[in-house]
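Data first, discussion second: the structure below is written as structure tokens.
The values are calculated or read from the model by the stated rules, or taken from the named source; none is laboratory data. Computed from a prediction, not measured in an experiment: that's the story for all the values here. Neighbour counts are summed over all protein chains in view; Cβ atoms, including those assigned to glycine, are modelled from backbone coordinates with ideal geometry. The protein model used for the area step is the full one, side chains on, heavy atoms only, and it has no ligands, DNA or RNA in it. Shrake-Rupley method; radii C 1.70, N 1.55, O 1.52, S 1.80 Å.
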Amino acid sequence: MSPGLSKEEGGAVNPLRDPQDRRLPRIPEPCALVIFGVTGDLAQKKLIPAVYDLANRGLLPPGFVVLGFARRDWGDGDFESLAYQAARRGARTPWREEVWSRLAGNIKFVGGSFDDDDAFDSLAETLDELRTTHGIAGNAAFYFSIPPAAFPVVLKQLARTGMADNAKSGGWRRVVVEKPFGSDLRSAKELNDLVDDVFTRDDVFRIDHYLGKETVQNIMALRFANNLFEPLWNSKYVDSVQITMAEDVGIGSRAGFYDAAGAARDVLQNHLLQLLALVAMEEPTSFDATEIRAEKLKVLRAITIPKDVGTGTVRGQYLPGWVAGQRAVGYLDEKNIPADSTTETYVAVRLGIQNRRWAEVPFYIRAGKRLPRRVTEVAIMFKRAPHLPFGATDVEMLGNNQLVVRVQPDEGVVLKFGAKVPGTTMEVRDIAMDFQYGEAFTESSPEAYERLVLDVLIGDRTLFPDAAEVEQSWQVIDPLETAWRETKPEPYRAGEWGPRAADEMLAREGRAWRRA
């Protein structure tokens, strides 16, 4: 077959279709999506709406089944009713009853607990029946929308029944594992070994929903599709990098998980280190999952933590205060939080990357809850010009050039640079060129879970961290957690940008946090 030609069903070659052309709709083979924990928040708020939106965009095959599993005494109709309400509430695309009616006939439910052998035998029988009734040919993805403690039980059931076996199923079998991937390096390795033992390594998808966001993917497009930025993307021109993930909300109903994890384990170990890897990685030889993962892993292995954790990191915990005009309780006053908890709700860390490109460039990373507003961004802070031929008073309002990638909520890119103020004097100050996705493109950005669920069904692993990335991230976090074990977090009021110590950490090096 000639290069660039693809084989359609029946063996015919379509000369107009290039399999490398990513502009063409990518539609999976007939398959089933099995959701464990389908009655939980994640499934109802994200997964089911994502399935509807994919169907509404014509990206699902006619032979597609959603198979829910949970501890409920339901029939298919009961689950279809719950799924309808969830999809209607959370859909991003316009609601169309005809789309839902096509999906509704392909929604199935199996009830039972995770330690119920009969329930899993019934699940296996249902998948076998779907081969003929819906033509799925044994293809199924298992989505673990369940607490990590339940992973081993479910994995052992899938192994016992043979549902994880590609050869036995006659198609492909994949598993999607939600974070957290363990609570430290040891537990992460145990989980990785267990998952890789039940499923083949290529069939394991560790989902980090941040990597499904359009603006996160745009970091690679920004760097590698343009000659404008890459020559400056190094220690010769970059002064520092700031990565901020601020949330204005508290912990909500996650008290049990959050108090055991804290900000570092919750978002620094996964979301923020993945952002750092994308910003700092070398250009891959191709846009291939293996190549991209290899370059990210090199960065994660080159990360250095502060020699003095006491001065190079800050932990904080919010006190009562005001956020967006609303009274907010302190962390210790949240429901089900112990009165003596030392869990951090804010973390700021100065990291380095020990390679030629980034030597001596500090990466400042911060994340926190109950901050003034919700924003996630990556700011590349460039060095000031080595010589300014202007008078000192002419450039008082001129700061560092900045390139800011806004991940949420106002997705886009900001370029900040100096320009002359109109008038009779030579006054130079910062201005911003602002690109926003919502204004530049007519199509709205899909939700992260839309992209990631579709990638799982297609088998595209580009946006999914592998076991080595997960374990290397814990190699960064574990020494910090050990150093923090006997310390207490610094207090900050809800509605402030974290503890004063975080500002002092940068001030000692002549820098300041960017006003996000």
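The table below lists the values:
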{"item": "GluC sites (Glu not before Pro) within segment 330-362: DSSP coil, no more than 13 neighbouring Cβ in 10 Å", "result": "Glu360"}
{"item": "Projected-area average for segment 117-257 over all orientations - Cα convex hull basis, square nanometres", "result": "13.5 nm²"}
{"item": "For the chain, accessible area per residue (1.4 Å probe, heavy atoms of protein chains only), Å²", "result": "46 Å²"}
{"item": "Three principal axis lengths of segment 45-114 [C-alpha, angstrom, descending]", "result": "34, 25, 19"}
{"item": "Heavy-atom accessible surface of the chain: percent carbon and sulfur, 1.4 Å", "result": "50 percent"}
{"item": "Difference of contour (0.36 nm per residue) and Cα-Cα distance, Ser187 to Phe229", "result": "11.2 nm"}
{"item": "R0 of 35 Å, Cβ-Cβ distance Arg102-Asp430: FRET efficiency to nearest 0.05", "result": "0.10"}
{"item": "Relative contact order, percent, segment 269-392 [alpha-carbon distance under 8 Å, six or more residues apart]", "result": "20 percent"}
{"item": "Quarter of Cα convex hull surface for segment 31-174, i.e. mean projection, nm²", "result": "7.8 nm²"}
{"item": "Within the chain, helix-based [θ] at 222 nm, where runs of 4 or more DSSP H residues each add -39,500 (n - 2.57), nearest 500", "result": "-9500 deg cm²/dmol"}
{"item": "Whole-angstrom gap from segment 177-231 to segment 265-296, using each part's C-alpha centre", "result": "7 Å"}
{"item": "Neighbour-limited loop hits for GluC sites (Glu not before Pro), segment 406-453 (at most 16 other Cβ within 10 Å; DSSP other than H, G, I, E, B)", "result": "Glu443"}
{"item": "Lysines with Cα under 22 Å of Lys307, excluding same-chain neighbours fewer than 8 positions away", "result": "Lys298, Lys488"}
{"item": "Cβ-placed point charges (K, R +1; D, E -1), dipole of the chain about Cα centre in debye, nearest 20", "result": "1340 debye"}
{"item": "By average C-beta atoms within 10 angstrom, highest first, the peptides 293-301, 278-286", "result": "293-301, 278-286"}
{"item": "Surface/4 estimate of mean projected area, convex hull on alpha-carbon atoms of segment 200-344, nm²", "result": "12.6 nm²"}
{"item": "Efficiency of FRET from Cβ geometry, Arg301 and Asp128, R₀ 41 Å, rounded to 0.05", "result": "0.40"}
{"item": "Across Lys213/Lys383; Lys179/Lys383; Lys236/Lys296, pairs whose alpha-carbon gap is larger than 32 Å", "result": "Lys179/Lys383"}
{"item": "R0 of 25 Å, Cβ-Cβ distance Asp121-Leu194: FRET efficiency to nearest 0.05", "result": "0.70"}
